[in-house]
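Visitor: One structure coming up, written as structure tokens, with questions to follow.
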């Protein structure tokens, strides 16, 4: 009887350790709503309008447009993505606007970008720049809208963080993160 109790205790410990290891190594799925295409350019890029001569592409899906300020392209959830210069990055998602009004989109970038909503240019910074934020105002109706952002990185440090403010201006959220104002859905 004593051996049977010891076996049960040992088995319980093994199961506990196994479950602990499983939860430590398995990442729970995130609500990944933004399709991102990373395009490596053949040659240098000096503006958002540089003619694209793409040598390779990589497609990923992220939960937010939050690429860290770094020497290489890096996302908090995906880590370093292996790109350091001369890339275009295209981000696309669908936004279901739940409350109509004027929204501020805050695009912090090092280097340039072009933001389009429903295929209409909202704002841009066409050239090189250190990390700076541009505020893009757009009136959005209560419906589904297409969000598209083209970003380029020439050389040096890079970073891209895109947020939107609630229509009352009190809160801000990364594009890709749903709120009571906008619900994001991946474009399939």
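Visitor: When both residues are 6+ apart or on different chains and their Cβ atoms are under 9 Å apart, which pairs have a first residue that lies in region 25-54 and is on the phi > 0 side of the Ramachandran plot and in a loop (DSSP other than H, G, I, E, B), and a second that is buried (at least 17 other Cβ atoms within 10 Å of the Cβ) and modelled with pLDDT of 95 or more?
Guide: Every condition considered, the pairs that remain are 43/50; 43/86.
Visitor: Scan region 146-155 for residues that are in contact with a strand residue (DSSP E or B) (Cβ under 9 Å, 6 or more places away or on another chain) and surrounded by fewer than 16 Cβ atoms within 10 Å (Cβ to Cβ) and jot them down.
Guide: Scanning region 146-155 gives a single hit, 146.
Visitor: Mind listing just one residue for me: the one in region 158-177 that is part of a loop (DSSP other than H, G, I, E, B) and at pLDDT 95 or above and, of those, surrounded by the most Cβ atoms within 10 Å (Cβ to Cβ)?
Guide: Only one residue fits best here, namely 176.
Visitor: Here is a follow-up. Is it the case that region 134-141 has a residue that's in contact (Cβ under 8 Å) with a residue 60 or more places away in the chain and in contact with a strand residue (DSSP E or B) (Cβ under 8 Å, 6 or more places away or on another chain)?
Guide: Scanning region 134-141 turns up no residue that is in contact (Cβ under 8 Å) with a residue 60 or more places away in the chain and in contact with a strand residue (DSSP E or B) (Cβ under 8 Å, 6 or more places away or on another chain).
Visitor: Within region 84-104, does at least one residue satisfy the condition of being in contact (Cβ under 8 Å) with a residue 60 or more places away in the chain, surrounded by 15 or more Cβ atoms within 10 Å (Cβ to Cβ) and at positive phi?
Guide: The answer is yes; a qualifying residue exists.
Visitor: Restricting to region 119-143, give me the number of residues that are exposed (fewer than 14 other Cβ atoms within 10 Å of the Cβ) and within 19 Å of the chain's Cα centre (by Cα).
Guide: Final tally of qualifying residues: 3.
Visitor: Continuing with the same structure: I'm trying to understand the selection: among the residues of region 2-58, which are surrounded by 12 or more Cβ atoms within 10 Å (Cβ to Cβ) and modelled with pLDDT under 70?
Guide: Selection gives 30 alone.
The values are calculated or read from the model by the stated rules, or taken from the named source; none is laboratory data. On a predicted model such as this, the values are computed, not experimentally measured, just so you know. Please note: Cβ atoms are built from the backbone with ideal geometry, for glycine as well, and neighbour counts cover all protein chains shown.
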